[in-house]
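Any read-out appearing in this document is the output of simple, stated calculations on the displayed coordinates, not a laboratory observation. These numbers come from a predicted model, not from an experiment. Positions of Cβ are generated from backbone atoms using ideal geometry, with glycine treated the same way; all protein chains shown enter the neighbour counts.
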Amino acid sequence: MVITRNGLVLGATAVTLTTIAVTSLGIHSQGQALFKESPKELVDEVWQIVQRQYVDGTFNKLDWQAVRREYLSKSYTNKQEAYKSIREMLKKLDDPYTRFMDPEEFKNMQVDTSGELIGIGITISQDEKTKQLVVIAPIEDTPAFKAGILAKDKILKIDGKSTKGMDTTQAVSLIRGEPNTTVSLTVDRNGQQKDFQIKRARIEIHPVKYSQKQTPAGNTGYIRLNQFSANAAKEMQSAIKDLESKKVAGYVLDLRGNPGGLLFASVDIARMFINSGTIVSTIPRQGQAEKEVANGRALTNKPVVVLVDKGSASASEILSGALQDNKRAVIVGTQTFGKGLVQSVRPLDDGSGLAVTIARYHTPSGRDINKHGIDPDVKVDLTDAQKQELWLRDRDKLATLADPQFAKAVEVLGKEIAGKGTTRAEK
């Protein structure tokens, strides 16, 4: 399997609730779609794509041939009937990341290269065991973020409607909307219900923010990466080059709350820090791993400490796993989200689209982090109260010594600098 820049995404990031979902790039050429006139042809085309590409050759222990017979035996008078059957068919796979999008939904998955979004700025998934809708992470500085939505919040109601039995596609259709309109979310957070009224807005997102900081570790480069969107690698390259020109002694790379995004973006950014070695292995149905490796053109060899938390998912886990396994960085924070799946997203001729889980990924050492995540080298937990204080009520403390996770990262970085970059993971 060849990893192409226009074909692969990380299914772990699920759905970003904006009218343009930055975590779901990767569109195959329109010419690959075969649907012409018959709704039944669309049903069969979707079945065929899953038959050829789905990561699990047992189709999660489902008789996929019998499914085809069942749904092609039906008569369809219009596309809406076909859409309903396709969703039913895919639901049998018990995979929330393999899903069908009608033309409107698929349009909302397209990425505008300007980075402007319309929505509340939240990324959700569906728990594979409980089927509950779960927040992966709010995107920083968006309405959901400012309202106080946190990673791992379970969405119980949307505008008063129960989400029981609801998939991510249905949730998106209820949550998205026009700017300046309001949506209400009821979430379960550690057994307590909380209600949020969130106003939708236009959101301009720049994935990289950085600064030069004077810390106890010395002249430190701080880089916060919010998501792995189409322009993330370019912005990261500019940040590193600028900080290198300022002679920083080391870096703190902050991936906390980063829900992931494009596979190629995570690989490109890893290459900026890793000069040689494997970055990630993707394993398709056939089982033969395809490796992405460093290209000998790292932009810095300075010590690196990476900050992660339970909102760090998919592409964040690829990057942190690559840096950890290659002994290139020390990981500080809490266990990450734990999603290790790759999707292909492709259009169909009628304007609808299909996302199919086509591969798993492993870290360079061969770890499958799906459902587990990356374990930090140095664990630093924050209470919910500390998170609210840092990320909402007093943002000025974030990435300062008043931020316990950042303070520990600086302490570790100081040791790394003193040790001339030899990574020593603390337990």
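Sequence-distant contacts, meaning Cα pairs under 8 Å at least 6 residues apart, place the relative contact order of the stretch 116-204 at 33 percent. With K and R counted +1 and D and E -1, the other residues having a Cβ less than 9 Å from that of Met89 yield a net charge of +2. Is the shape of the stretch 290-427 best called rounded, prolate or oblate, per the rule: a/c under 1.5 gives rounded, else a/b larger than b/c gives prolate, else oblate, with a ≥ b ≥ c the square roots of the Cα gyration tensor eigenvalues? It is oblate, given that a/c is not under 1.5 and a/b is not larger than b/c. Helical runs (DSSP H, four residues minimum) scored at -39500 (n - 2.57) apiece and divided by the length of the chain put the mean residue ellipticity at 222 nm at -7500 deg cm²/dmol.
Under the shape rule built on the C-alpha gyration tensor, where the axes satisfy a ≥ b ≥ c, the stretch 211-302 is prolate, since a/c reaches at least 1.5 and a/b is greater than b/c.
Which is the longest run of the chain containing none of the GluC sites (Glu not before Pro) found in DSSP loop states (not H, G, I, E, B) with at most 16 other C-beta atoms within 10 Å? The partial results should precede the final answer.
Values: sites that count: Glu37, Glu128, Glu426.
It works out to 129-425.
So if the hydrodynamic radius of the stretch 116-204 is defined as the Kirkwood radius over C-alpha pairs, what does Stokes-Einstein give as its diffusion coefficient at 25 °C and 0.890 mPa s, in µm² per second?
Working: Rh = 12.8 Å.
For these conditions, the coefficient is 191 µm²/s.
Most tightly packed first, judged by the mean number of other beta-carbon atoms within 10 Å of their residues, the peptides 146-155, 342-351 read 342-351, 146-155. With everything on Cα atoms, drop me the angle between helix 232-245 and the longest principal axis of the chain, reported from 0 to 90° to the nearest 10. On a 0 to 90 degree scale, this one is about 10. Mean separation of Cα pairs under 8 Å and 6 or more residues apart, divided by the residue count, gives the chain a relative contact order of 19 percent.
Pairs of Lys residues in the stretch 116-204, spaced 8 or more positions apart or belonging to different chains, with C-alpha separations under 17 angstrom: 18 in total.
For a Förster distance of 25 Å, can you work out the FRET efficiency between the beta-carbons of Lys247 and Asn275, rounded to the nearest 0.05? Using R0 = 25 Å, I get an efficiency of 0.80.
Loop-located trypsin sites (Lys or Arg not before Pro) in the stretch 189-260 (DSSP state other than H, G, I, E, B) with a sparse environment of at most 11 neighbouring Cβ atoms within 10 Å: Lys246, Lys247.
Report the net charge of residues surrounding Ser73, where surrounding means a beta-carbon distance below 12 angstrom and charges are Lys +1, Arg +1, Asp -1, Glu -1. Walk me through the intermediate numbers first.
Values: positive: Lys40, Arg68, Arg69, Lys74; negative: Asp44, Glu70.
Result for the local shell: +2.
How much length is gained on full extension from Arg189 to Gln386, taking 0.36 nm per residue of separation minus their Cα-Cα distance?
Contour length minus the Cα-Cα distance gives 69.4 nm.
Within a straight-line Cα-Cα reach of under 20 Å, Lys107 can be paired with the following lysines, leaving aside sequence neighbours fewer than 8 residues apart in one chain: Lys36, Lys79, Lys84.
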